[in-house]
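All remarks here apply to the structure that follows.
The values are calculated or read from the model by the stated rules, or taken from the named source; none is laboratory data. Please read all numbers here as calculations on a predicted model, not as lab measurements. A quick note on method: Cβ atoms are made from the backbone with ideal geometry, for glycine too, and the neighbour counts reach across all protein chains shown. All accessible areas refer to the heavy atoms of the entire protein, side chains included, with ligands and DNA or RNA removed. Shrake-Rupley method; radii C 1.70, N 1.55, O 1.52, S 1.80 Å.
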Amino acid sequence: MNLKITALDTTLIRVPLGQRTITDSQSTVDHVEFLQVTLETDGGITGYGMNWSYTPGLRAAQVMIDENYAPVVVGGDPYLRKDLVKKMFYTNHFVGRVGAARVGLAAVEFALWDIVCRAAEQPLWRYLGACRTKVKAYSTDGGWLTWSEEELVRDACSLVERGFDAVKVKLGRPNPREDFARVAAVRKAVGPDIRIMTDVNCAWDLGTARFWGERLADLDVFWLEEPLQPEDVASHAELARSISVPIAVGETLYTKESFRDYLETGAARIVQADATKLAGIDEWLQVASLAAAYHRPLVPHTNVQQKLHVQLAAATPGVMMVENCYESLLDIWEEPIHVTDGHYPLPQEPGVGLKLTAATIDAHRIG
Ligand SMILES: [Mg+2]
């Protein structure tokens, strides 16, 4: 089928989390913003992409799309996606390349993929070719920094009762000794067979990470996530040489070259590539190949974009599991997927899985 893109539309919405405010070392989140991109074609097929943020700023990505990317894409052929992405990159050379420029580019890239999947009447995982029929989930919908130790332990136990065998605890309290005590309390409560992942969200310095990172090994912590600032690859490499807990990074890396730097210096052992931070699905697949070449497990970072990453995970042998987070927000998506017995089912409807419902957009539109 030949298709031509005839129109691009962007919509910005802000969805409150309701009762549930969540806190890590970087953010206190009470809403999530979404930027939906809609691409119309002359064949009657519409493609949907989106990107997200906890903080204001997606309006910058919206301007990039409306002013820089729309003139490239409208009139274009969705089957020439890689050529369109290359041309979109040319337009952001002097205004960022990464950050909001890339976040906007990814949203358009997803919509381009969505068109070809819908034209083929296939979900993304089938279009790519799959290696599994369900995807293991681990819980990051808990472990929040402001919770009391009792809340933390109660929530971790309830997740284990639900069928999760891996849970995350956020670190980065003003006194790291409290972090350690909280992880110890969770370990004592859930027992030795449950994986505990820890996440600092970049709050520590190298000295803190060396001291407390090694002590976390005594609690059999499965990984230490984003201990330091993401640009500081050298300190991550030094840390990796001095502690035995594996280091995980990816949710604030915007390029395949950043992942290459982490992998070739041994600075990270777990690759948490997120297609919404990279330039979309094609670059995520490139990072997945890179991780495979280094024999490093891939655990895609995800929060609201589970349906996309579950499909990529289904198509990528090196993926170990996918996060489960923001369950209170699942109904914003058309045909959401829910974790059962610790696993995600694969979506059956065509597309990449990033279409917000009309009711969500109507209720929460801000631009
Ligand atoms: Mg994280």
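Worth a mention:
- Qualifying position, being at pLDDT 95 or above and within 16 Å of the ligand (Cβ to nearest atom), among Ala137, Ala156, Ala130: Ala137
- Under the condition of being outside any helix (DSSP H, G or I), touching a helix residue (DSSP H, G or I) at 6+ places or on another chain (Cβ under 7 Å) and open to solvent by 10 Å² or more (accessible area, probe 1.4 Å), the residues counted in the range 87-104 number 1.
- Here His338 clears all of (1) open to solvent by less than 60 Å² (accessible area, probe 1.4 Å); (2) in a loop (DSSP other than H, G, I, E, B) except the condition numbered (1).
- Any hit, the range 212-225, residues being more than 24 Å from Ala166 (Cα to Cα), in contact (Cβ under 8 Å) with a residue 24 or more places away in the chain and of a type outside the set (Ser, Thr, Tyr): no
- Single residue of the range 3-19 satisfying the filter (at pLDDT 95 or above and polar (S, T, N, Q)) that is nearest to Glu33 (Cα to Cα): Thr11
- Among the residues of the range 14-32, those identified as touching a residue at least 40 places away in the same chain (Cβ under 8 Å) and among the charged types (D, E, K, R) are Arg14, Arg20, Asp24.
- Condition check for Pro347: more than 18 Å from Ile115 (Cβ to Cβ), part of a loop (DSSP other than H, G, I, E, B) and touching a helix residue (DSSP H, G or I) at 6+ places or on another chain (Cβ under 9 Å): no
- Note on the range 328-356: residues that are over 19 Å from Arg126 (Cα atoms) and in contact with a strand residue (DSSP E or B) (Cβ under 7 Å, 6 or more places away or on another chain) total 6.
- Top-ranked residue in the range 252-289 [being more than 18 Å from Gly104 (Cβ to Cβ) and of a type in the set (Asp, Glu); ranked as surrounded by the fewest Cβ atoms within 10 Å (Cβ to Cβ)]: Glu257
- Only listed residue being within 16 Å of the ligand (Cβ to nearest atom), modelled with pLDDT of 95 or more and out of contact with any helix residue (DSSP H, G or I) (no Cβ under 8 Å at 6 or more places or on another chain), chosen from Ala217, Ala203: Ala203
- Residues in the range 290-321 that are open to solvent by 20 Å² or more (accessible area, probe 1.4 Å) and over 16 Å from Tyr254 (Cα atoms): Ala292, Ala293, Tyr294, His295, Arg296, Pro297, Ala315, Pro317, Gly318, Met320.
- Reported count of residues in the range 229-260, each being within 23 Å of the chain's Cα centre (by Cα) and in a loop (DSSP other than H, G, I, E, B), is 12.
- Among (1) open to solvent by 30 Å² or more (accessible area, probe 1.4 Å); (2) in contact with a Lys or Arg (Cβ under 8 Å, 6 or more places away or on another chain); (3) more than 16 Å from the ligand (Cβ to nearest atom), the one test that Phe222 misses: (3)
Residues are listed down the side, and each one gets a yes or a no for (1) among the polar types (S, T, N, Q); (2) open to solvent by less than 40 Å² (accessible area, probe 1.4 Å); (3) over 30 Å from Leu171 (Cα atoms); (4) in contact with a helix residue (DSSP H, G or I) (Cβ under 6 Å, 6 or more places away or on another chain):
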| site | (1), (2), (3), (4) |
| --- | --- |
| Ser27 | yes, yes, no, no |
| Val32 | no, yes, no, no |
| Val37 | no, yes, yes, yes |
| Gly43 | no, no, yes, no |
| Gly47 | no, yes, yes, yes |
| Tyr54 | no, no, no, no |
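- Qualifying positions in the range 234-267 - within 13 Å of the ligand (Cβ to nearest atom), closer than 21 Å to Thr208 by Cβ and either among the aliphatic types (A, V, I, L, M) or in contact with a Ser or Thr (Cβ under 8 Å, 6 or more places away or on another chain) (or both): Ile247, Ala248, Val249
- Residues satisfying the stated conditions in the range 297-313, i.e. free of Cβ contacts under 8 Å to residues at least 60 places away in the same chain, in contact with an Asp or Glu (Cβ under 9 Å, 6 or more places away or on another chain) and away from the ligand (no atom under 13 Å from the Cβ): Gln306, Lys307, His309
- Residue in the range 11-19 that is surrounded by fewer than 21 Cβ atoms within 10 Å (Cβ to Cβ), more than 24 Å from Gly353 (Cα to Cα) and outside the structural domain of Glu178 (by TED's automatic domain parsing) present: yes
- Any chance Ile65 is open to solvent by less than 10 Å² (accessible area, probe 1.4 Å), away from the ligand (no atom under 16 Å from the Cβ) and not in a strand (DSSP E or B): yes
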